[in-house]
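Written below as structure tokens is the structure these notes are about.
The values are calculated or read from the model by the stated rules, or taken from the named source; none is laboratory data. These figures come from a predicted structure and were not determined experimentally. Positions of Cβ are generated from backbone atoms using ideal geometry, with glycine treated the same way; all protein chains shown enter the neighbour counts.
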Amino acid sequence: MKQLLNTLYVMTQGAYLTLDHETVKVEVEGKTQLQVPLHHLGAIFTMGNVMMSPFLMHRCTENGKAVVFLNMNGQFLARVVGKTTGNVLLRQAQYVAASDANKAASIAKNIVAAKLQNSRQILLRGAREIENTGIEAGLRQAATSLSDALINLKKSGTIDETRGLEGISANAYFQVFDTMVKENRETFIMKSRNRRPPRDPMNALLSFIYTLLLNDCVSAAEGVGLDPQVGFLHAIRPGRPSLGLDLMEELRSILADRLALTLINLKQITEKDFEEREGGAVYLNEGGRKAVVVAYQKRKQDEFTHPLLEEKVPFGLIPHVQARLLARHLRGDMEEYIPVLYS
Amino acid sequence: MWVIVTYDVTTETKEGRRRLRRVAQACKNFGQRVQKSVFECSVDQAQFETLRRNLLKEIDVKEDSLRFYRLQEPRDAHVEEHGVNRTVFFDEPLII
């Protein structure tokens, strides 16, 4: 089993990262703030004005460590990509599967089924934990509409039907999502899911966590030698990491949504962690981003028993495990792609 | 696993000072300095072998002393820290 390697996040503006023998050195204003042996790291994320020496970039690409540049808001800007490696036969199998409507639809269907099931679990958990009977009823109703969609999904054949069911279910889910908020309810009210730019704190928080998760999913796809741009559920579009998005679908609710609720309900994130920009866009500020990243990294270390492997896996490794299962299916070693189900 | 590396390198000669620098660097590649010539390293078996080989290459067995201690896990139950120089945990969130 792959080891869950740590990610170094550098958010201090003006920091400079260099390679010092086998370590990464982070300097701020000429002073060494941290020195980490490279063997502990799987990825380096930088946000905003952070510099990195070419030698460090060289070493990271040689050793397959992801280097990702995000802007101050945590939006993805660039990834340092090394040589095209991995198994070309696997990628070819991926392309063939993507252009085979039946095969693509079956993978997409399994992904959406897991997404619905996992979202349902989050709603039911929310319903169990809430005391207000009106809200509880709303959550249970939304959960029921997701299970109805699951039944319809079984009957659906084409990928468009699958996408349609996913869209309807996502609406039902986000309509009741903010009723699971117990603290600072007036701040975290959410009319609907919106992005680019997010228009309220809840959307800003979700978008930020999704960015972190998406980068992990893209790295996972690349790690097993899959092309992160060629997806099944998400249509292929230039510049879009469709497979990364596919891998993320089943994990959104359990890794990102639940984390957002926990952060709010434990008051680790409050209204002072956000700032509004001109034009109505809302983003996390520096303190908010740090709090979220810490919580996300901690969450990745929590373990859960993978239903298929029947062994304990840290949450942070699930994207890798799932990418490997997908690769197995694409190579023909496994009848179906089996997504991860959370219970 | 957690390994404590400690060393004494004679610094009377220029050669010795060179060895000291190189030993310290070899340790830095695998862990962190917790005292002047004490390093804590969290490594797997293969990394430990590499670390040991690198260090043995650097020291002069007639002049210097090198010691490895394996920490009993869990580390936190067996390590007490006082004073300055707190340990950074490289497997906890690393955010700067």
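Please go through the stretch A:48-65 and pick out each residue that is buried (at least 20 other Cβ atoms within 10 Å of the Cβ) and farther than 21 Å from A:E222 by Cβ.
A:V50
A quick yes/no check of all residues on (1) buried (at least 19 other Cβ atoms within 10 Å of the Cβ); (2) in a helix (DSSP H, G or I); (3) touching a residue at least 60 places away in the same chain (Cβ under 8 Å); (4) touching a helix residue (DSSP H, G or I) at 6+ places or on another chain (Cβ under 6 Å):
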{"position": "A:K115", "(1), (2), (3), (4)": "yes, yes, yes, yes"}
{"position": "A:N118", "(1), (2), (3), (4)": "yes, yes, yes, yes"}
{"position": "A:Q121", "(1), (2), (3), (4)": "no, yes, yes, no"}
{"position": "A:E136", "(1), (2), (3), (4)": "no, yes, no, yes"}
{"position": "A:I151", "(1), (2), (3), (4)": "no, yes, no, no"}
{"position": "A:R163", "(1), (2), (3), (4)": "no, yes, yes, no"}
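Which members of the stretch A:329-340 meet the condition of being more than 16 Å from the chain's Cα centre (by Cα) and farther than 16 Å from A:V230 by Cα?
Across the stretch A:329-340, the qualifying residues are A:G332, A:D333, A:M334, A:E335, A:E336, A:I338.
Per-residue answers, yes or no, for (1) modelled with pLDDT of 90 or more; (2) under 30 Å from A:Y337 (Cα atoms); (3) small (G, A, S):
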site: A:E186; (1), (2), (3): no, no, no
site: A:K191; (1), (2), (3): no, no, no
site: A:P201; (1), (2), (3): no, no, no
site: A:G223; (1), (2), (3): no, yes, yes
site: A:D227; (1), (2), (3): no, yes, no
site: A:A260; (1), (2), (3): yes, yes, yes
site: A:K267; (1), (2), (3): no, no, no
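Tell me, please, whether a residue that is crowded, with 19+ Cβ neighbours inside 10 Å, in contact (Cβ under 8 Å) with a residue 60 or more places away in the chain and not polar (S, T, N, Q) can be found in the stretch B:6-22.
Our first condition is that a residue be crowded, with 19+ Cβ neighbours inside 10 Å; within the stretch B:6-22, this holds for B:7, B:9, B:19-20.
Okay, now just the ones that are also in contact (Cβ under 8 Å) with a residue 60 or more places away in the chain, so B:7.
Next, from what is left, pick out any that are not polar (S, T, N, Q): B:7.
There is at least one residue in the stretch B:6-22 that is crowded, with 19+ Cβ neighbours inside 10 Å, in contact (Cβ under 8 Å) with a residue 60 or more places away in the chain and not polar (S, T, N, Q).
Mind counting the residues in the stretch A:8-50 that are in contact with a Gly (Cβ under 8 Å, 6 or more places away or on another chain), more than 7 Å from chain B (Cβ to nearest Cβ) and touching a residue at least 24 places away in the same chain (Cβ under 8 Å)?
4
Is one or more of the residues making up the stretch A:224-234 surrounded by fewer than 22 Cβ atoms within 10 Å (Cβ to Cβ) and either part of a helix (DSSP H, G or I) or without any contact (Cβ under 8 Å) to a residue 12 or more places away in the chain (or both)?
Taking every residue of the stretch A:224-234 in turn, none turns out to be surrounded by fewer than 22 Cβ atoms within 10 Å (Cβ to Cβ) and either part of a helix (DSSP H, G or I) or without any contact (Cβ under 8 Å) to a residue 12 or more places away in the chain (or both).
Would you check if there is a residue in the stretch A:34-52 being within 27 Å of A:K312 (Cβ to Cβ), among the polar types (S, T, N, Q) and within 26 Å of the chain's Cα centre (by Cα)?
no
Within the stretch B:65-96, which residues are in a loop (DSSP other than H, G, I, E, B) and exposed (fewer than 11 other Cβ atoms within 10 Å of the Cβ)? Let's see the steps before the verdict.
Within the stretch B:65-96, the subset in a loop (DSSP other than H, G, I, E, B) is B:71-74, B:79-93, B:96.
B:E73, B:P74, B:E80, B:E81, B:H82, B:G83, B:V84, B:R86 - these are the residues of the stretch B:65-96 that are in a loop (DSSP other than H, G, I, E, B) and exposed (fewer than 11 other Cβ atoms within 10 Å of the Cβ).
Applying the selection to the stretch A:313-341, what residues are over 26 Å from A:I209 (Cα atoms) and either among the β-branched types (V, I, T) or without any contact (Cβ under 8 Å) to a residue 40 or more places away in the chain (or both)?
A:R328, A:D333, A:M334, A:E335
Select, from A:F69, A:F55, the only residue that is more than 13 Å from chain B (Cβ to nearest Cβ), of a type in the set (F, W, Y) and over 25 Å from A:G288 (Cβ atoms).
Result of the check over A:F69, A:F55: A:F55.
What's the number of the only condition in (1) within 11 Å of the chain's Cα centre (by Cα); (2) under 26 Å from A:L8 (Cα atoms) that B:F90 fails to meet?
All conditions pass for B:F90, except number (1).
Which pairs do you get when a residue that is closer than 16 Å to A:P198 by Cα, found in the stretch A:282-301, comes within reach of a residue that is part of a helix (DSSP H, G or I) and of a type in the set (D, E), reach meaning Cβ atoms under 9 angstrom, with the pair 6+ apart or on two chains?
A:L284/A:D273; A:N285/A:D273; A:G288/A:D273; A:R289/A:D273
Considering the stretch A:123-134 alone, what residues qualify as being among the small types (G, A, S) and touching a residue at least 40 places away in the same chain (Cβ under 8 Å)?
A:G126
Being in contact (Cβ under 8 Å) with a residue 40 or more places away in the chain and of a type in the set (D, E) is the filter; apply it to the stretch A:179-221 and report the residue that is surrounded by the fewest Cβ atoms within 10 Å (Cβ to Cβ).
A:E183
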